[in-house]
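Novice: A single structure is presented below for examination.
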Amino acid sequence: MIALVGNPNTGKSTIFNTLTGMRQYTGNWPGKTVLQTQGFYRFNNRHYKLVDLPGSYSLLPSSPDEEVARDFICFARPDCTIVVADAACLERNLNLALQVMEITPRVVLCLNLIDEAKRKGISVDILSLSKELGVPVVPTVALNNYGIEDLKKTIAALVEGKLECSPRRIEYDDEVERLVEDIESHINPIIPRSLINFRWLALRIIDGDSKLLEAIRSYLHLEGEILI
Ligand SMILES: Nc1nc2c(ncn2[C@@H]2O[C@H](COP(=O)(O)OP(=O)(O)OP(=O)(O)O)[C@@H](O)[C@H]2O)c(=O)[nH]1
Ligand SMILES: [Mg+2]
């Protein structure tokens with residue numbers, strides 16, 4: 001299963017439609033996609049399930065739409081996550097990309113709206129960006145199919161393990177890193193590693209966001225005060 005996430009209005013649904021042949025609503029204002037929508041596509045004799053998610057600025061959500069995206073990335077654990085970014089506003093878009101990279105092992109940064117960026121005189125050094133982030137970066141113009149074949153190839157290579165991906169993880173200061181280690185050692189006997197990313201969970205426990213901890217607890221079917 002492949003997930004499409006990204007800031008609002010970056011072209012996620014346009015890419016979803018191009019890949020699946022479906023007709024998800026697209027239009028030039030943010031917040032159009034409010035629920036997750038699933039579709040399928042085939043590439044090299046393999047079937048891919050693709051999920052289009054609502055636009056989101058952060059995995060620490062401040063709206064119900066963002067919660068849909070957060071829950072999907074955190075709990076459904078897609079095989080590969082495509083972060084669709086606006087090539088003309090890279091800095092703002094990288095916030096979400098870094099958060100997704102913190103939690104999932106296979107990420108493709110899809111740098112969409114390359115045509116608009118060009119028009120504004122912005123060019124992006126794709127190779128350096130990919131090296132810095134440790135994930136493949138694919139430039140696209142979803143409206144005219146530019147880069148879509150490359151995107152499909154990259155997803156396939158990641159899913160089949162033919163392409164290395166080592167998302168750059170943010171390192172916090174020593175005190176936080178020590179706490180993370182300590183909390184992880186407490187999580188270890190309680191929760192199977194296959195269920196959730198321990199480092200991410202430890203960081204969220206440090207955040208103390210009670211709504212998120214509640215969501216985690218219900219996802220993990222935990223009773224009592226284990227997490228809070
Ligand atoms: N010029 C240009 N326009 C694009 C490109 N990709 C998408 N668009 C347009 O950008 C607008 C937003 O596209 P959507 O696919 O709806 O964006 P989204 O990310 O799904 O938006 P939300 O669901 O609201 O988060 C639409 O008008 C698209 O036609 C592109 O590469 N270049
Ligand atoms: Mg959309």
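Novice: May I ask you to work out the translational diffusion coefficient for the chain at 37 °C, viscosity 0.692 mPa s, via Stokes-Einstein with Rh from the Kirkwood sum over Cα pairs, reported in whole µm²/s?
Specialist: 180
Novice: Sticking with this structure for a sec: Could you look at segment 2-159 and say what percent of its accessible area is carbon and sulfur, using a 1.4 Å probe and all protein chains?
Specialist: That fraction is 50 percent.
Novice: When you count, for each residue, the other Cβ atoms within 10 Å and take the mean per peptide, how do 58-65, 134-141 rank with the highest first?
Specialist: 134-141, 58-65
Novice: Can you spot the lysines whose alpha carbon is less than 26 Å from LYS49's alpha carbon? Ignore those fewer than 8 places along the same chain.
Specialist: Those lysines meeting the cut-off are LYS12, LYS32, LYS152, LYS153, LYS162.
Novice: Taking DSSP loops as anything outside H, G, I, E and B, show the longest stretch in the chain free of GluC sites (Glu not before Pro) there with at most 11 other beta carbons within 10 Å.
Specialist: Of all site-free stretches, the longest is 1-159.
Novice: Roughly how many Å is it from the Cα centre of segment 28-72 to that of segment 202-223, as a whole number?
Specialist: One Cα centre to the other: 22 Å.
Novice: Do me a favour and compute the ellipsoid semi-axes for segment 107-228 from its Cα gyration tensor, root of five times each eigenvalue, largest one first, whole Å.
Specialist: Computed over segment 107-228, the values are 37, 17, 15 Å.
Novice: A follow-up question, please. Could you give the longest part of the chain that holds none of the chymotrypsin sites (Phe, Trp or Tyr not before Pro) found in DSSP loops with at most 13 neighbouring Cβ atoms within 10 Å?
Specialist: 26-171
Novice: Shape of segment 1-132 from its Cα gyration tensor (a ≥ b ≥ c, root eigenvalues): rounded if a/c is under 1.5, otherwise prolate when a/b > b/c, or oblate?
Specialist: It comes out rounded by the Cα gyration axes.
Novice: To continue, here is another question. Of the options ALA88, LEU98, ASN112, report the single residue whose Cα projects farthest towards the positive end of the charge dipole of the chain (beta-carbon charges: Lys, Arg +1; Asp, Glu -1).
Specialist: So the residue furthest toward the plus end is ASN112.
Novice: Would segment 174-219 count as rounded, prolate or oblate if I go by the C-alpha gyration tensor, calling it rounded below 1.5 in a/c and otherwise prolate when a/b exceeds b/c, oblate otherwise?
Specialist: Taking the square roots of the gyration eigenvalues as a ≥ b ≥ c, segment 174-219 is oblate.
Novice: Determine ³J(HN,Hα), in whole Hz, for all residues of segment 162-176 in sequence, where each value follows from phi through the Karplus function 6.51 cos²θ - 1.76 cosθ + 1.60 and θ = phi - 60°; x replaces Gly and Pro.
Specialist: Those phi angles translate into 8, 10, 6, 9, 9, x, 5, 9, 6, 9, 8, 6, 3, 4, 5 Hz.
Novice: Please give the per residue accessible area of segment 76-228, computed with a probe of 1.4 Å over protein heavy atoms only, in Å².
Specialist: Ligands and nucleic acids excluded, the result is 54 Å² per residue.
The values are calculated or read from the model by the stated rules, or taken from the named source; none is laboratory data. Just so we're clear, the structure is a prediction, and the values are computed from it rather than from any experiment. We place every Cβ from the backbone using ideal geometry, glycine too, and count neighbours over all the protein chains shown. Calculation scope for accessible area: heavy atoms of the full protein, side chains included, ligands and nucleic acids excluded. Shrake-Rupley method; radii C 1.70, N 1.55, O 1.52, S 1.80 Å.
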